[in-house]
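Here the structure comes first, spelled out in structure tokens, and everything after it is commentary.
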Amino acid sequence: MNANQAAESLLASNQQKELEDLPKDYPLSTSEDEGDKDEERKHQKLLESISSLNGKDRQKLADRSEASLKVSEFSVSSEGSGEKLVLSDLLEPVKTSSSLAAVKKQLNRVKSKKTVELPLHREEIERIHREVAFNKSSQILSKWDPVVLKNRQAEQLVFPLSKPQSAFAPIEHVVNGWKAGTPLEQEIFNLLHKNKQPVTDPLLTPVEKASLKAMSLEEVKMRRAELQRARALQSYYEARARREKRIKSKKYHRILKKGKAKQALKDFEKLQKVNPAAALEELEKLDKARMMERMSLKHQNSGKWAKSKAIMAKYDLEARQAMQEQLARNKELTQKVAASESEEEGEGQEEEEEPLVPDLVNEVQIKANGLNPWMFRNHFIDAKEAEVQKDLEDPAEPEAQETSESEEEKAVVEEETLLKEFEERRSLRQKSELNHMAEPVHRRVTKDPSSQEVLSDLRALCQKLSTENHQSGKQELSSARTAQREEPAREEEEPMLLQRPERARTLDELEELGREGCVENEELPRTAVEGLQLEKNLSNHIGAPKEKKRKEQMIDLQNLLTTKSPSVKSLAVPTTVQELEDEEERDQRQIIKEAFAGDDVIRDFLKEKREAVEASKPKDLDLTLPGWGEWGGIGLKPSAKKRRRFLIKAPEGPPRKDKNLPNVIINEKRNTHAAAHQVQVLPHPFTHHQQFERTIQTPGSTWNTQRAFQKLTMPKVVTKPGHIIKPIKAEDVGYRSSSRSDLSVIQRNPKRLSIRHKKHLENNCVD
Amino acid sequence: METVPEPGSNVPPKKDRLQTKKKKPRRYWEQETTGTAAGASPGPPRKRKRNRELRPQKPKKNDTSKKFRMSKKPRELKSPRPQRSLSGAQDPFAGPAPVSVEVVQKYCRIDKSKELPHPKTKTRSRLVVAEAQEEETSVRAARSELLLTEEPGFLEGEDGEDTAKIRQADIVEAVDIASAAKHFDLNLRQFGPYRLNYSRTGRHLAFGGRRGHVAALDWVTKKLTCEINVMEAVRDIRFLHSEALLAVAQNRWLHIYDNQGIELHCVRRCDRVTRLEFLPFHFLLATASETGFLTYLDVSVGKIVAALNARAGRLSVMTQNPYNAVIHLGHSNGTVSLWSPAMKEPLVKILCHRGGVRAVAVDSTGMHMATSGLDHQLKVFDLRGTFQPLSARTLPQGAGHLAFSQRGLLAAGMGDVVNIWAGQGKASPPSLEQPYLTHRLSGHVHGLQFCPYEDVLGVGHSGGITSMLVPGAAEPNFDGLESNPYRSRKQRQEWEVKALLEKVPAELICLDPRALAEVDVISLEQAKKERAERLVRSGAPRAWVPLPTTSHPHCILRSTAPCLRGCCSFHLPPLPQGYDPDARTPFQPKPKQKGRSSTASLVKRKRKVMDQEHRVSGHRGRAGHPKGNALLLAPLASSTCHFSPVSPYPGQNPPEPGAAAAEAREGQAHGGPAVGPGQIRALSQAPGPRRNILSPRPPVGNYPSLE
């Protein structure tokens, strides 16, 4: 561009020079203007022709420019004027003419229109077509998704696809459509209709119904009035309740609550008089409430209010009191409802006083709830007392303990009244002084004399029954229990000690049996011994600590086989045994013992087991090469270090199944024959064998009912022989088939589709 | 009176609705029901189906609170049917019959409490289907309990009265004539103590005296089928699968007779047999011999399946466990050993007594075993895995013979007295506190067996045979297709064919027959491992660095091949595994985007992730089953045993135990063909009385026609 401009400017300067030169050479005169003009032009022409002969300037003269000082008829040049020549300027007439406007407009339009882009490549067009076609067909196909899903999930598919059988028309509907055909039927139905008799339903006739329904006018009125009244009352009551609920006065509520509590107590007393069983239930409820209280955090000085008070308590006496009150309340609420079986502790006291609640009542309670056997353990023992006392001698030292205990309690217990029964036994036992100070106060608050009265008659009833048993049995009971507790210990020390007397006894019995042939039931010793055995077994089997396992196994096994099991007593004793006398049997036992003295069965068995365990253990691999890296020869062993280095420890296998069963050897070998029949590959969707195992839990017809088996073995696909199975159609599954969206059409003649689709697509594209 | 809304009427039948649209002719009961509730007919209102009054659809809820209506299927089947019948009367027991939950629970085989490893969606759907099927089948089975019409009898003493005092004569006096006829004595003093055996149907009785007297009879009608004298000592006698064949253990060999008394076979390979047992589902005759061999003879093909040496001297105590067809042998050293023909060694050996074992019996549920020994003890053992004594009792003179009845009564013969103990229910062990019944015989007991499906105990003794009445001993309901006491000859033959077709292979006898329904995990794991070894990961093959043999002198392998044992650190160990497509890729921490990502931090991160996984898996394992940890650890140990504790390859990272742990935890495998029907069949052929293994098959059809 620059070069061009430079050339132009150069050219222009040349011309100007020429133009400048001209007037100098030829001064213009006006007079000779016309004549001169001609001449001048000619001259000019000549000059030009001459200069055109010059090779350089020839071209320049051919350029046309306009509106320049030099105007030539041959060319238009814009020289001189600053702007470019525009076509419209040329067209612009001097006067505006309408005919040219159209041309101008056309010109404008042509100017505004952009150039048409290049058409796309063929491949690209095809790709677009394909995409659209895919979308379309997938849309069509997606319609079938639910059908496919349903078929996949169906338990059974029946081909050829038939429409689902319309449900069997129930007989009522068949009957409804039925009309009396024969004249006889018509006659009958006429009669029935005439008399308004039920046609199908042999129930009441309308007349009967009406008579049943009927109600006299007075009755109706009365009933209405009643209903009205009830409704009004209800609304009043509701309104009142709402009002009361809105009262904010704390005092009022407190009073209300107190009143309620009083009422409840009164009710309870009444109930006790009338129905002790129900009263006990009430007690139980109280107990439950207590439990709830114990569970909750209420009244524990842990609330927001309590915390705020705690801060204040240091300075504020009232706050302190409030807190204490709350604590006291908590204590009160969580007091145990001890239904008079604080006999254990309050024994001494009970000996002086009469039992507050007769035992009969307590027993009823046990039967009623039977909640926690631990709570009422002594009851069962109580029941057995009569039996127990004869058999068990009372040891002295527990008695002493007991009495000391009771003495301590006495001071407290004196004040105890009815509500003592509701108190927690535990709190009594762990007698901290504070508790003792606090509790009686609470107890005194609740009124005692009345309740004493309440129970007095009940007590009177059972007094006769219970007093003897209680006074004699209580001591015995406690002693019995302590004895029982001690017995196991003693037994562990000397197992034979216990066994011997028992055994002797049974032998005595045997004697008796032999003579009299009658059965004597002495339950107790047997059960006691059994219980002991059980305990022992339990402790041996379960509670065995791990570190002594090996040692205990041996002991255990010994125990297992040597423990004396109670001998049977039966009506008919074998004749041979009958002949046997006591001493004789002892002799026999001796003989047996001697006979088996040599072969220690247990030791043999343990040895066998040890061998089996050893054999089943994986072996270590010793890779030591003697003589390598050190001296070798007879009598020389590779060093321990080396052996240690080249010993490959076998991995420890899973623990044996009989590890904790001393009297059992379980073979750990695999049954390969049976394993050949087991499933060895997991089928596809399962990832874990347990999952698969769960699906094969209902095998065969042997363990299932016939119907269940048939259902289980139902074939997945059923075809009817001799029927053509046609592909599924839209009509089959309830779709309306439209020619456009039906895929079957598409599949049938893809060519047509392509042509049509192309057209369609083209349309789409153009639009 | 209020209308009783029907259950299920909230699903109005479609047809109904259509008809109401068509303006059905109005019925007189319709207007009434729309009127007042009082005095309306019991029929349900049709037009006001959506009425709120009818919504409470569970009027019977309170009385069927314990029961529930299971099985959605039957209800679905019924739903299109309208609730009203033609007469307008209402079905008082609409819907499917209620099934009690406990009964259904009894037939339930899937333990839903057991947690499964988290399944994929596809698997889950399969599991759901399986569970639904199982529930349906158990409901069906529970329903079919309706067909078990008979109830067991029992003897109950008046308050405080001991049932053991009740004599046979009293019982016979009290019962009906037909039952009284079942008590009888056969006085056969001539041919010594008798052994006896009832056929499986309980209809036939065979007995053999020590001095060669063998007889078989239909003991109900007392019709003698055969009577012979084999002129040889008879040790034991046993019916084979039907009453037509009779195996007799004679002094020398084992002989088989038919019901005419014709000798069919003399099996000389079974010599000096002392005891016989027949396993009905396997067609196996188990013989215990004086020579100490336990021999299994397949009577359907006449082949000896297995001859096992018990290595415990003379065998004279044998019984079978009817639940799993395992043979129990009692030995003189106080042990009882359990045998299966598939194993050469005893499956379990239990030390039961100090002295020798005199008698063993196993109850029909296979849960309890009673043993008596020379130490005069009678013990009841728990056979469900622990093999511990549940109760024990010293008898004045130890029991020489024991027998369990179908309902779990235990009979013991002591000298000339038979004591019977009863438990609480069917599957409970007999309590040895108090005998239920006692009976004195005219001679010493030599054989005891409860008759199946009859409340009868047969006792063979030195004075002959006694059949005594024991109320509540036998199963009151029999399966007409399985063992029908009233079957005809034709039926017997048909049953025989069927039974032969369903014969269970002998090798399937194992302690837990349900184990056959489990996947063989060991071979599964093995196959998985092999597959992994076959598929070597294509990328990054590890080059072996064969070192000159001289440089690793300690290795026992003197070749350039890698040392597979990892015994010497000079070799590179092999790749621990090939390529396991199922295995989870081990965690690989991403390198840091910025800054230096030091190796230490990478290792640290790896360690952290590994620890976390380990913790999670350990927890899961503990939650799942007690062996979870052991399972986890075992493969770990095995995988690490390839490597010496010091990293043998200096240039490479040590193998990640985390990866191994992950693999061990996964323990999964894909693919493979589906299970063929043969597997299922194998399971269905599990031994034992089928009624007791999984669930009783209810008697279907074929009711006995009382003759």
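The values are calculated or read from the model by the stated rules, or taken from the named source; none is laboratory data. Computed from a predicted model, the values in this text were never measured in an experiment. Because the Cβ atoms are built from the backbone with ideal geometry, glycine has one as well, and the counts that use them run over all protein chains shown. With ligands, DNA and RNA removed, areas are computed over all heavy atoms of the protein, side chains included. Shrake-Rupley method; radii C 1.70, N 1.55, O 1.52, S 1.80 Å.
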Please list, ordered by chain and number, the residues whose modelled amide H lies under 5 Å from the amide H of B:Phe278; skip anything fewer than 5 residues away on the same chain. B:Ala286
What average number of partner chain Cβ atoms lie no more than 10 Å from the Cβ of the residues making up A:652-662? 3
Using the Karplus equation 6.51 cos²θ - 1.76 cosθ + 1.60 (θ = phi - 60°), what ³J(HN,Hα) coupling, rounded to whole Hz, does each residue of the stretch B:288-303 give in order, writing x for Gly and Pro? 10, 10, 5, 6, x, 9, 9, 10, 9, 10, 7, 7, 7, 10, x, 10
With a cap of 16 neighbouring Cβ atoms within 10 Å, and only residues DSSP puts in a loop, list the trypsin sites (Lys or Arg not before Pro) found in the stretch B:224-281. B:Arg252
Could you order peptides B:464-474, B:432-442, B:593-603 by the average number of other Cβ atoms within 10 Å of their residues, highest first? B:464-474, B:432-442, B:593-603
Greater than 21 Å apart at Cα, pairs in A:Lys607/A:Lys669; A:Lys248/A:Lys285; B:Lys379/B:Lys426; A:Lys617/B:Lys344; A:Lys258/A:Lys285; A:Lys304/A:Lys331: A:Lys248/A:Lys285
Could you check the simple spin-label distance between A:Lys314 and B:Thr121, using points 7 Å along Cα→Cβ, in nm with one decimal? 6.5
Please list, by residue number, every one of the trypsin sites (Lys or Arg not before Pro) in the stretch A:687-739 that is coil in DSSP and has at most 14 other beta-carbon atoms within 10 Å. A:Lys716, A:Lys729, A:Arg736
List every residue whose amide H lies under 5 Å from the amide H of B:Gln406, counting only residues 5 or more places away in sequence or on a different chain, with H placed 1.01 Å from N in the peptide plane. B:Glu475
Rounded to whole Hz, the Karplus (6.51, -1.76, 1.60) HN-Hα couplings of the stretch B:321-333, x for glycine and proline: 8, x, 6, 10, 6, 7, 8, 9, 10, x, 10, 6, 9
Shielding by partners for B:412-425, please: the mean number of other protein chain Cβ atoms within 10 Å of each residue's Cβ. 3
Could you derive backbone 3J(HN,Hα) for the stretch A:684-697 from the dihedral phi with the Karplus parameters 6.51, -1.76 and 1.60 (θ = phi - 60°), listing whole Hz in sequence and x where the residue is Gly or Pro? 3, x, 7, 10, 9, 5, 5, 4, 5, 4, 5, 7, 10, 8
Ignoring ligands and nucleic acids, chains B and A bury, in total, an accessible area (1.4 Å probe) to the nearest 100 Å² of about 10900
Would you mind giving the mean number of other chain beta-carbons within 10 Å of the Cβ of each residue in B:392-405, as a whole number? 4
Counting only residues 5 or more places away or on other chains, whose amide H sits under 5 Å from the amide H of B:Cys226 once H atoms are built in the peptide plane? B:Ala216
